[in-house]
Amino acid sequence: MEQARRAVSTHVAELRQMVEAALPQLVDELREPAELYAPVRYVLSSSGKRMRPVLLMLAAELYGRPAATVLPAALAVEVFHAFTLVHDDIMDHAAARRGRPTVHVRWDEATALLCGDYLMGLSYALLGQLEGAPLSRVLALYHRMVERLCEGQALDKAFETRSHISVAEYLQMVDGKTSALLELCLQLGGLLGGASANDLATLEQLGRNLGRAFQIQDDLLDLTATSDQWGKPIGADLLEGKKTFPLLAALEQAEAAEQAWFYERLQRRFRPEEIPEARQRLERLGGLEAARRAVAAYLDEARAALAQLPNGLAAEALAWVLEVLEQRSH
């Protein structure tokens with residue numbers, strides 16, 4: 001068993017390294033003007049788990065297609081993800097990302113917008129490098145993901161100024177903002193590997209549940225993370241007025257006085273010194289425990305979907321990725 005786990009973790013590490021080695025080569029160091037390409041290289045050199053490209057390559061491997069042959073698509077989804085982070089950081093007024101200054105802080109907002117625009121275009125260019133791919137189907141899947149992600153992000157921002165948001169509305173937002181790209185990674189890998197229509201639907205279910213688990217856990221870690229690698233202030237979501245799963249779950253159980261305490265601070269924005277008390281109240285109201293249960297439930301749903309897909313090293317690696325996600329601290 002231990003030997004099998006080592007083989008799986010080694011394989012995932014090899015896929016991640018394949019992506020890590022290729023990303024810096026996408027933009028030549030001498031490319032000009034530096035005002036554009038320096039921030040682009042800064043983003044591409046940033047550290048990361050590379051979960052999305054690894055998911056895509058593993059999904060292709062489920063159907064016997066070698067990971068190296070879908071590397072352009074894997075790079076495309078990672079570059080697209082990097083674009084979303086650059087623009088998200090502007091929208092969220094974030095000063096740091098993965099322990100480094102965000103692009104709009106290190107340079108300025110106009111530079112960050114151009115950097116993000118370039119990265120989005122680059123992601124489409126990388127898709128065009130796929131050999132023997134049904135490009136029209138690839139682009140249709142890809143653009144539908146872009147639509148859904150933008151819809152989710154729009155809802156996320158709109159929720160900041162709305163007082164009452166239900167958990168169901170939150171999940172609708174997450175299915176766009178977070179799950180859409182994960183679904184795309186798995187479906188695109190499956191499509192390139194030759195998956196059946198039924199398996200593509202199962203891969204979509206896997207990605208949706210994985211996305212929900214990932215985002216709810218992200219919300220939870222925003223309040224509970226202790227790792228220096230988290231890279232953001234604890235309670236940053238509350239400070240930005242975001243309606244996260246622990247908050248919404250707690251508010252559904254709270255009495256009127258407790259609800260008023262949170263709504264008043266959300267309306268005027270929480271102050272940093274209020275975050276510890278907010279966390280204590282969310283713990284007492286069961287919001288943090290509800291988030292933990294939801295993460296476990298959606299990961300179970302993801303595992304159930306995975307069990308319907310072909311067996312082999314790639315499936316074992318996907319199961320290992322789910323296990324690592326469940327245990328992550330940053």
Original post:
Which ones in region 53-75 are without any contact (Cβ under 8 Å) to a residue 60 or more places away in the chain and not in a helix (DSSP H, G or I)?
Top reply: PRO66
**OP:** Kindly indicate which of ARG208, ARG269, ARG279 is touching a Leu at 6+ places or on another chain (Cβ under 9 Å), open to solvent by 30 Å² or more (accessible area, probe 1.4 Å) and closer than 25 Å to ILE90 by Cβ.
**Re:** ARG269
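One line per residue, one yes/no per condition, for (1) over 30 Å from THR202 (Cα atoms); (2) under 22 Å from the mean Cα position of the chain (by Cα):
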| position | (1), (2) |
| --- | --- |
| ALA236 | yes, yes |
| PHE262 | yes, no |
| ARG265 | yes, no |
| ARG271 | yes, no |
| ALA290 | no, yes |
| ARG293 | no, yes |
| GLU301 | no, yes |
| ASN311 | no, no |
Subject >> Single unsatisfied condition, THR226 versus (1) assigned to a loop (DSSP other than H, G, I, E, B); (2) without any contact (Cβ under 8 Å) to a residue 60 or more places away in the chain >> reply: (2)
Subject >> Residue pairs meeting the criteria (Cβ under 9 Å; at least 6 apart or on separate chains; first touching a residue at least 40 places away in the same chain (Cβ under 8 Å), in region 105-132; second among the acidic types (Asp, Glu) and assigned to a helix (DSSP H, G or I)) >> reply: TRP107/GLU35; THR111/GLU35; ALA112/ASP89; LEU114/GLU35; SER123/GLU78
Original post:
Tally time: how many residues in region 72-92 are open to solvent by 20 Å² or more (accessible area, probe 1.4 Å) and farther than 20 Å from THR178 by Cβ?
Top reply: 1
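Tell me the residue from ARG31, ARG6, ARG50, ARG98 that is free of Cβ contacts under 8 Å to residues at least 40 places away in the same chain and closer than 20 Å to THR178 by Cβ, please. Talk me through it step by step, then tell me what you get.
Values: ARG31 fails: closer than 20 Å to THR178 by Cβ; ARG6 fails: closer than 20 Å to THR178 by Cβ; ARG98 fails: free of Cβ contacts under 8 Å to residues at least 40 places away in the same chain.
Of the residues listed, the single one that is free of Cβ contacts under 8 Å to residues at least 40 places away in the same chain and closer than 20 Å to THR178 by Cβ is ARG50.
What residue, of PRO53, PRO39, is modelled with pLDDT of 95 or more, open to solvent by less than 20 Å² (accessible area, probe 1.4 Å), within 12 Å of the chain's Cα centre (by Cα) and not aliphatic (A, V, I, L, M)? Steps first, please.
Working: PRO39 fails: within 12 Å of the chain's Cα centre (by Cα).
Exactly one residue qualifies, and that residue is PRO53.
Across region 163-172, what is the total count of residues that are part of a helix (DSSP H, G or I) and either at positive phi or surrounded by fewer than 23 Cβ atoms within 10 Å (Cβ to Cβ) (or both)?
First pass over region 163-172, keeping only residues part of a helix (DSSP H, G or I): 167-172.
Then keep just the ones that are either at positive phi or surrounded by fewer than 23 Cβ atoms within 10 Å (Cβ to Cβ) (or both); that gives 167-169, 171-172.
Qualifying residue count, region 163-172: 5.
The values are calculated or read from the model by the stated rules, or taken from the named source; none is laboratory data. Since we're looking at a predicted model, the values are computed, not measured. Here Cβ is always computed from backbone atoms with ideal geometry, including for glycine, and neighbour counts include all displayed protein chains. These area figures cover heavy atoms from the full protein model, side chains too; ligands, DNA and RNA do not enter into them. Shrake-Rupley method; radii C 1.70, N 1.55, O 1.52, S 1.80 Å.
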